[in-house]
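Since the structure comes first, as structure tokens, the remarks are kept for the end.
The values are calculated or read from the model by the stated rules, or taken from the named source; none is laboratory data. Given the structure is predicted, the values throughout are model-derived calculations rather than measurements. Every residue, glycine as well, gets a Cβ built from its backbone with ideal geometry; the counts of neighbours run over all protein chains shown. The protein model used for the area step is the full one, side chains on, heavy atoms only, and it has no ligands, DNA or RNA in it. Shrake-Rupley method; radii C 1.70, N 1.55, O 1.52, S 1.80 Å.
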Amino acid sequence: MATKRSIGTLKEADLKGKSVFVRVDLNVPLADNSNITDDTRIRAAVPTIKYLMENGSRVVLCSHLGRPKGVTPKFSLKPLVPRLSELLGVEVVMANDSIGERVQKLVAGLPEGGVLLLENVRFYKEEEKNDPEFAKKLAALADVYVNDAFGTAHRAHASTEGVAKYLKPSVAGFSLFFLM
């Protein structure tokens, strides 16, 4: 049987200076004015993100919000940035996409301990289809993969199952590991 690995098995030597792709579950309810009405899922991701920050990683957060059909402004993750920044104690950088050259430049420009939030990964239909080429593009953003998204861990999507094929190590975040 394979050994289950968690983020806690990764130490500073494994993480310092590395880009870490973290699949989080930030699918939170928003009011009509885009204010967060329940931040439970955001708060659940904080221990994993802080652990990575404290160990010198460049943290790349990936999530979805709702069930968009293509790029849909009301499903943008931008309204989550102020709350994430507040909880993490750093200014979270927001990408306008989840793949591409501009996103790669944002990742490269992150300082150790910096955090980048990718735009809603479900703006791409390839996400839910677990398209291998899309998964490779996501994986190209990082050196290590952490799945901390309990709500989507059972789905074979590009940002969950697909990315794990291309990034090693691939480990469970604290939110997942404590539930195993």
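Over the chain, what relative contact order in percent results from Cα pairs under 8 Å that are six or more residues apart?
Working: 358 pairs, mean separation 50.4, N = 180.
Relative contact order comes out at 28 percent.
Calculated FRET efficiency, SER85 and ARG155, Cβ-Cβ r, R0 45 Å, to nearest 0.05? Don't skip to the answer; put the middle values down first.
Details: r = 28 Å, r/R0 = 0.62.
With R0 = 45 Å, the Cβ-Cβ based efficiency is 0.95.
Given 0.36 nm per residue, what is the gain on full extension from ASP32 to GLU54 after removing their alpha carbon distance, in nm? The partial results should precede the final answer.
On the way: separation 22, 0.36 × 22 = 7.92 nm, distance 3.53 nm.
That pair, ASP32 and GLU54, stretches by 4.4 nm at full extension.
Mind listing the long-range amide H neighbours of GLY114? Cut-off is under 5 Å, sequence gap 5 or more, other chains count too, H placed in the peptide plane at 1.01 Å from N.
Those qualifying (amide H under 5 Å, at least 5 residues apart or on another chain) are VAL59.
For SER34, what accessible surface area do you get with a 1.4 Å probe? Give it in Å², rounded to 10.
My reading of the accessible area for SER34 is about 50 Å².
Just checking my list [x] 9, 33, 30, 14, 7, 5, 2, 1, 0; [y] 9, 37, 40, 13, 0; [z] 10, 42, 39, 8, 0 against P(r) over Cα pairs in 10 Å bins from 0, in percent computed from this structure; which label fits?
[z]
Based on the alpha-carbon gyration tensor of segment 69-150, what equivalent-ellipsoid semi-axes (square roots of 5 times the eigenvalues) come out, in whole Å, largest first?
On the way: eigenvalues 86, 55, 30 Å².
Equivalent ellipsoid of segment 69-150: 21, 17, 12 Å, largest first.
List the equivalent ellipsoid semi-axes of segment 68-108 in whole Å, largest first, each obtained as the square root of 5λ for an eigenvalue λ of the Cα gyration tensor. Walk me through the numbers on the way to the answer.
On the way: eigenvalues 77, 58, 5 Å².
Over the Cα atoms of segment 68-108, the semi-axes work out to 20, 17, 5 Å.
Would you list which lysines come within 23 Å of LYS137, measuring only between C-alpha atoms, while excluding same-chain residues fewer than 8 positions from it?
LYS16, LYS18, LYS69, LYS78, LYS105, LYS125, LYS129, LYS165, LYS168
Any idea what the alpha-carbon Rg over 2.2 N^0.38 Å comes to for segment 37-86?
Numbers: Rg = 12.6 Å, N = 50, 2.2 N^0.38 = 9.7 Å.
Cα-based Rg divided by the globular estimate yields 1.30.
Show me, for segment 21-38, the HN-Hα J-couplings you get by feeding each phi into the Karplus relation (A = 6.51, B = -1.76, C = 1.60, θ = phi - 60°), rounded to Hz, glycine and proline as x.
With coefficients 6.51, -1.76 and 1.60, one gets 7, 10, 7, 10, 9, 10, 7, 9, x, 10, 6, 4, 8, 6, 7, 5, 9, 8 Hz.
Considering the options THR160, ASN27, PHE123, tell which one lies farthest towards the positive end of the dipole of the chain, charges being +1 on Lys and Arg and -1 on Asp and Glu at the Cβ, about the Cα centre.
About the Cα centre, the residue reaching furthest to the positive side is THR160.
Could you please put VAL71, VAL121, VAL90 in sequence from largest to smallest accessible area, using a 1.4 Å probe? Could the numbers behind the result be given before it?
On the way: VAL71 115, VAL121 0, VAL90 45 Å².
The ranking, largest first, comes out as VAL71, VAL90, VAL121.
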